[in-house]
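The values are calculated or read from the model by the stated rules, or taken from the named source; none is laboratory data. Nothing here was measured: the structure is a model prediction, and the numbers come from that model. Reconstructed Cβ throughout: ideal geometry from the backbone, glycine too, with neighbour counts over all protein chains shown. All accessible areas refer to the heavy atoms of the entire protein, side chains included, with ligands and DNA or RNA removed. Shrake-Rupley method; radii C 1.70, N 1.55, O 1.52, S 1.80 Å.
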Amino acid sequence: MASLQDQLLKAGLVDKNRAKKANKDKQKQTNFARKTGRITVNEAKVSAQQKQANRAEHDRELNLKKQITSNQKAIAAQIRQLIEINKLDRDRGEIPYSFVYENKVKNIVVTESLKIQLTQGRLAIVTLLINKDRKFEIVPAPVAEKIAQRDTECIVQLNEKANTEENEDDPYADYQIPDDLTW
């Protein structure tokens with residue numbers, strides 16, 4: 001097999017004088033390196049390696065960004081699926097239930113049993129973003145805890161479960177809280 005230099009000569013891209021000069025320069029460099037013990041640095045090779053390293057780093061960063069966005073999309077899909085499957089029906093609700101979301105008081109209409117369960121901490125209010133439209137849904141507390149593991153910002157209200165045990169030393173134990181108190 002012919003060398004690259006021979007191929008270039010046959011193709012007429014390089015003349016004999018240039019080929020001889022390139023050979024002499026190469027021999028001078030190898031002789032100089034052998035005599036002095038120094039290694040000659042091929043600047044073109046070093047710059048090519050540097051460019052390749054920079055490109056590899058850039059590609060790694062892009063892949064990491066893509067992976068992060070795909071993970072975020074997967075988590076959002078999981079949350080959406082959890083909410084859609086476990087949301088409770090509020091169509092027959094008549095009682096407005098108020099809660100705070102982003103420093104604003106929002107209302108949803110619920111039934112009496114849903115309101116009691118919300119206040120006792122058995123149900124939770126979660127938010128769902130569909131096509132730039134924010135919806136509020138009611139889900140059971142265990143489902144809300146699963147959603148909170150993925151993204152805590154989706155949980156709007158999750159009350160602590162009411163402690164059914166009465167404190168014996170409670171000075172206000174004889175006073176009942178009215179059921180019709182709303183804010």
Only one of V126, V143 is under 24 Å from A76 (Cβ atoms), part of a strand (DSSP E or B) and either without any contact (Cβ under 8 Å) to a residue 12 or more places away in the chain or not hydroxyl-bearing (S, T, Y) (or both), namely V126
Counted residues in segment 31-50 being at pLDDT 75 or above and either among the aromatic types (F, W, Y) or loosely packed, with under 10 Cβ neighbours inside 10 Å (or both) come to 7
For segment 51-69, does any single residue satisfy the condition of being open to solvent by less than 80 Å² (accessible area, probe 1.4 Å) and within 30 Å of R134 (Cβ to Cβ)?
yes
Margin query: Given the condition closer than 30 Å to I138 by Cβ and in contact with a Pro (Cβ under 8 Å, 6 or more places away or on another chain), answer yes or no: does some residue in segment 63-75 qualify?
Written below: no
Of the conditions (1) touching a strand residue (DSSP E or B) at 6+ places or on another chain (Cβ under 9 Å); (2) under 30 Å from Q149 (Cβ atoms); (3) surrounded by 11 or more Cβ atoms within 10 Å (Cβ to Cβ); (4) not charged (D, E, K, R), the single one that V100 does not satisfy is (3)
Pairing a residue in segment 150-174 that is among the basic types (K, R) with any residue that is at pLDDT 75 or above and assigned to a helix (DSSP H, G or I), where Cβ atoms lie under 7 Å and the two sit 6 or more apart in sequence or on different chains, gives R150/I75; R150/Q78; R150/I79; K161/Q120
Answer yes if at least one residue in segment 153-172 is assigned to a helix (DSSP H, G or I) and either modelled with pLDDT of 90 or more or within 24 Å of A74 (Cβ to Cβ) (or both), and no otherwise. yes
